1. Find the percent of Cα-Cα distances in the stretch 131-193 that exceed 14 Å, and round it to a whole number.
2. Taking all pairs of different Cα atoms in the stretch 87-184, averaging 1/r and flipping that mean, what Kirkwood radius in angstroms comes out?
3. Relative contact order (percent) for the stretch 2-74, with alpha-carbon contacts under 8 angstrom and 6 or more residues of separation?
4. With both partners inside the chain, how many of the DSSP beta bridges are antiparallel, as a percent to the nearest 5?
5. Once you order the gyration tensor axes a ≥ b ≥ c over the Cα atoms, which shape class does the chain get: rounded for a/c under 1.5, otherwise prolate or oblate by comparing a/b with b/c?
6. For Cα pairs less than 8 Å apart in space and 6+ apart in sequence, what is the mean separation divided by the residue count of the stretch 87-184, i.e. the relative contact order in percent?
7. With a ≥ b ≥ c the root eigenvalues of the C-alpha gyration tensor of the stretch 2-74, is it rounded (a/c under 1.5), prolate (a/b larger than b/c) or oblate?
8. Heavy-atom accessible area per residue, the chain, 1.4 Å probe: how many Å²?
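The values are calculated or read from the model by the stated rules, or taken from the named source; none is laboratory data. Note that this is a predicted model, so its numbers are computed, not measured. All Cβ positions, glycine included, derive from the backbone under ideal geometry; neighbour counts span all protein chains shown. Surface accessibility is based on the protein's heavy atoms, side chains included, excluding ligands, DNA and RNA. Shrake-Rupley method; radii C 1.70, N 1.55, O 1.52, S 1.80 Å.
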Amino acid sequence: MQLHYTPRSHFARKVRIVLGALAIPCELVDAGNAAGSDPAQFGPNPLLKVPTLVDGTQVVFESDHIAAWLVRRHDPADRFNVLTTDVDALNARAAMNGIMAAEAELLLAERTGLDTRAHRRFDKMREAIRLGLEWLEARPTAVTAVPTYHDFHLVSLWDHFALYDVVPLDYPHLRAHAARIDELPYVAATRPV
Ligand SMILES: N[C@@H](CCC(=O)N[C@@H](CS)C(=O)NCC(=O)O)C(=O)O
């Protein structure tokens, strides 16, 4: 099994945490600069993004889709609640994905030479990130004996924001929650460097 990823990708990190939590061996294939446009970098993903999983003859792309694939095959009891249908949990997942996607657009635009401060479109992305983080901060998640995929998602988001400094991070609940999850050995092993 192979995961096309980059060491800093927050979308890939939530998958790497699931792999670690379920002790699934997987070869990591580094795509290099995620802003690149060479299809060869991204394995079989036509969208030129990471992560992508290659499991035997099956290709799976999109982080949550990959996590669900892994859980259906390796953890039918779904101990981390990856397959939840709870509407509030899925709203939080959508919020985190939206925040992460907006951050990635800002960073990759800058990396390819755009001044994101010069375009109102990017102001809106920064504002959506701010409001999204505020929304999450106002809905603190309980600390559970067994961590959840939500926790894996949040720590991936938080550590990436801490690394790239795209917006101020005045969110004490999110910070504390991410720090707790970051202490789990299989989470710590995936920290972006
Ligand atoms: N919805 C996708 C998002 C993946 C994504 O945006 N990955 C970023 C890296 S964190 C990427 O590869 N971006 C390349 C690009 O947009 O050019 C998922 O959940 O896997």
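1. 54
2. The answer is 14.0 Å.
3. Details: 101 pairs, mean separation 25.5, N = 73.
The normalised contact order for the stretch 2-74 reaches 35 percent.
4. Once the DSSP bridges in the chain are tallied, antiparallel ones form about 65 percent.
5. Taking the square roots of the gyration eigenvalues as a ≥ b ≥ c, the chain is oblate.
6. Relative CO of the stretch 87-184 lands at 31 percent.
7. Details: a/c = 1.96, a/b = 1.54, b/c = 1.27.
Because a/c hits 1.5 or more and a/b exceeds b/c, the stretch 2-74 counts as prolate.
8. For the chain, the per-residue accessible area is 51 Å².
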